[in-house]
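The values are calculated or read from the model by the stated rules, or taken from the named source; none is laboratory data. Treat the numbers as computed from the prediction; the structure is a model and nothing was measured. Methodologically, a virtual Cβ is constructed for each residue, glycine included, from the backbone with ideal geometry; neighbour enumeration extends over all protein chains shown. Each accessible area value is taken on the protein alone, full model and side chains, heavy atoms only, with ligands, DNA and RNA left out. Shrake-Rupley method; radii C 1.70, N 1.55, O 1.52, S 1.80 Å.
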Amino acid sequence: MSDLFDVRPVSGALGAEVHGVELATITDEQFAHVKELLLKHLVLFFPDQTGLEPEAHIAFGRRFGEAEIHPFLPKLDGHPEIVIIDSTRGGKADNWHTDVTFSQNPPVASILHLVKSPSSGGDTMWSNQYLVYENLSEPMREMLDGLTAIHYIKGLAQGFASQAEHPVVRVHPETGRRSLYVNRMFTSHIPQLSRHESDALLTFLLGFAEQPQFTCRYRWSPGGVAVWDNRCTQHLAVNDYTEPRRGQRVTILGDKPVGDEPRWGYHRPTVDERYWPRTVNAKLGYDE
């Protein structure tokens, strides 16, 4: 692998910058090594990919699988597979999240090509959800292995809404490693728990998952590309800039998240049980 590329890790937790490959003309042999590196580092950065035209961007993405047509985000004219992430049009995803977990089959991977970056700021951070799970205590891991979570989105201008139930701990289909699979943007609640218990547990887990020792941070330059494994990472765009920032993203359709079977049924509230949401993750009522 080192004979093909110059690979430079960007943090102890995850991430590597890869030099010596042009994604627009990548060979089958080079792509096989890129996939190996992705499984190892979880997010890869390819600087100076200025020749990655939209057709080449889509073609590179299709090497991983079928390209997603996102249900509501703006698209590049003539290329519905490419989503536009534009800070001047509200494209600032500054909450920790895993992409599209409200879908029954969330994406496998995303490929973001940054075509315009501010002179300072606008970095993106990723977190390693393998490490998050592995750093929890054994009793906590055992409990989480038997739970599911509801992921939800609602209230967009287009009237789009979607809901899915996934294991709280996901088993990666290629590596077999377990990772925490809840996120601040889309996870609503854990249905096996009372809503107050769910809020308390999610508040702890989300905060635990966002600790700096599990993360990497990348400083963009125009033409840079990031590829990340959406099955075992979260990411956040740091909102510390005022100049325009524009990216073009291809996302690869995923598989159904798999984990242990839930060991308990849904919590059923008593007639007089009351619930007042105190956190932003609590988006659904008992009767929804």
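What's the ranking of 179-187, 26-34, 240-248 by average number of surrounding C-beta atoms within 10 Å, highest first? Could the numbers behind the result be given before it?
Details: 179-187: 25.3, 26-34: 14.4, 240-248: 16.7.
Ranked from most to least packed, the peptides come out as 179-187, 240-248, 26-34.
Hey, what does the equivalent ellipsoid look like for the chain, semi-axes from the Cα gyration tensor as sqrt of 5 times each eigenvalue, largest first, whole Å? Walk me through the numbers before you get to the answer.
Working: eigenvalues 219, 90, 60 Å².
Working through the eigenvalues yields semi-axes of 33, 21, 17 Å.
For helix 195-209, what angle does its Cα long axis make with the longest principal axis of the chain, in degrees from 0 to 90 and rounded to 10?
That works out to roughly 30 degrees.
Grab the other residues whose beta carbon is less than 12 angstrom from that of Lys256, score K and R as +1, D and E as -1, and report the net. Intermediate results must be reported in sequence, preceding the final value.
On the way: positive: Arg170, Arg231; negative: Glu165, Asp255.
Counting the neighbours of Lys256, the net charge comes to 0.
Above 25 Å lies some portion of the pair distances; for the range 136-273, what is it as a whole percent of all C-alpha pairs? Display every interim value, and only then the final one.
Values: 3650 of 9453 pairs.
More than 25 Å apart: 39 percent of the Cα pairs in the range 136-273.
Tell me, how many Å apart are the Cα centres for the range 140-207 and for the range 1-39?
Centre-to-centre (Cα) distance: 31 Å.
Restricted to Cα positions, what overall size does the range 119-188 have along the principal axes? Three whole-Å values, descending.
Per principal axis, max minus min of the Cα coordinates gives 42, 37, 23 Å.
Per-residue ellipticity at 222 nm for the chain, helices alone: DSSP H runs ≥ 4 residues times -39500 (n - 2.57), over residue total, nearest 500 deg cm²/dmol?
About -5000 deg cm²/dmol.
With a 1.4 Å probe and every protein chain left in place, work out the accessible area per residue of the chain in Å², rounded to a whole number.
Values: 12890 Å² over 288 residues.
In whole numbers, the chain has 45 Å² accessible per residue.
Taking the Kirkwood radius as the inverse of the mean 1/r across Cα pairs, report the Rg/Rh of the range 34-185.
Reported Rg/Rh (Cα atoms, Kirkwood Rh): 0.96.
Given charges of +1 on the Cβ of Lys and Arg and -1 on the Cβ of Asp and Glu, with all other atoms neutral, how large is the dipole of the chain about its Cα centre, in debye to the nearest 20? Don't skip to the end; give the middle numbers.
Working: 28 positive and 37 negative charges, 125 e Å.
My answer is approximately 600 debye.
Please report the carbon-and-sulfur percent of the accessible area for the range 189-256; probe 1.4 Å, protein heavy atoms only, DNA, RNA and ligands left out. If you can, show how the numbers build up before the last one.
Details: 1330 of 2300 Å².
The value for the range 189-256 is 58 percent carbon and sulfur by accessible area.
Report the number of Lys pairs in the chain whose alpha-carbons are under 27 Å apart, with separation of 8 or more residues or on distinct chains.
The number of close lysine pairs in the chain is 14.
Taking the Cα atoms only, what angle lies between the long axis of helix 28-41 and the longest principal axis of the chain, rounded to 10 degrees?
Approximately 40 degrees, to the nearest 10.
List every residue whose amide H lies under 5 Å from the amide H of Leu193, counting only residues 5 or more places away in sequence or on a different chain, with H placed 1.01 Å from N in the peptide plane.
His267
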